[in-house]
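Notes follow the structure.
What follows is calculated from the coordinates using simple rules that are stated; it is not laboratory data. Source: prediction; values computed, not measured. Here Cβ is always computed from backbone atoms with ideal geometry, including for glycine, and neighbour counts include all displayed protein chains.
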Amino acid sequence: MSSYKKVLPEEKWPLVEHFLQTFCRYANIAEACGHKLDVSKFMSEYVWAFTRERRTEFDRSFRDKLLRDEYRRQGLCTKCGENKPIEGRALCRACAERARRAYARGKKQDEGGVSGGC
Ligand SMILES: [Zn+2]
């Protein structure tokens, strides 16, 4: 269990310890619920949460891009990832309509300078 101390410099230890603690906590929760923790799933979600904590624009846009690529690969709308997109477009009908309305609303606000409540 302490092998990481041999391969990693000392300043990285807290990172690994945080990971192990989090992992053990989730493993215990999973076990208490009668499940077995999926290590690879945990890894990806841990990394996801970790990059989210940093909240840099690069991380967010990069993660969004990965997500969109994944949706596109599965042949789904790149916005909601649930519906089938319109033929020849990346968005489904609902998302395209929502984007169109948001765009129209933004335009109206620009023109009139009215910020009235919805
Ligand atoms: Zn959609």
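Show me 64-77, 21-34 ranked by packing, highest mean number of other Cβ atoms within 10 Å first.
64-77, 21-34
Arg101 label point, 7 Å along Cα→Cβ, cut-off 14 Å on backbone N: hits in segment 59-95?
Correct set: 93-95.
Between Asn83 and Glu45, with labels modelled 7 Å along Cα→Cβ, what's the label distance in nm to one decimal, could you check?
Spacing of the two 7 Å Cα→Cβ label points: 2.8 nm.
Extension gain Gln74-Glu10, at 0.36 nm per residue separation less the Cα-Cα distance, in nm?
18.8 nm
Going highest first, how would you order 87-99, 4-16 by mean Cβ packing within 10 Å?
Per-residue Cβ counts within 10 Å, averaged per peptide and sorted highest first, yield 87-99, 4-16.
Quick one: which residues, 5+ away or cross-chain, put their amide H under 5 Å from the amide H of Asn83? H built at 1.01 Å from N.
Under 5 Å from the amide H of Asn83 lie the amide H atoms of Cys77, each far enough along the sequence or on another chain.
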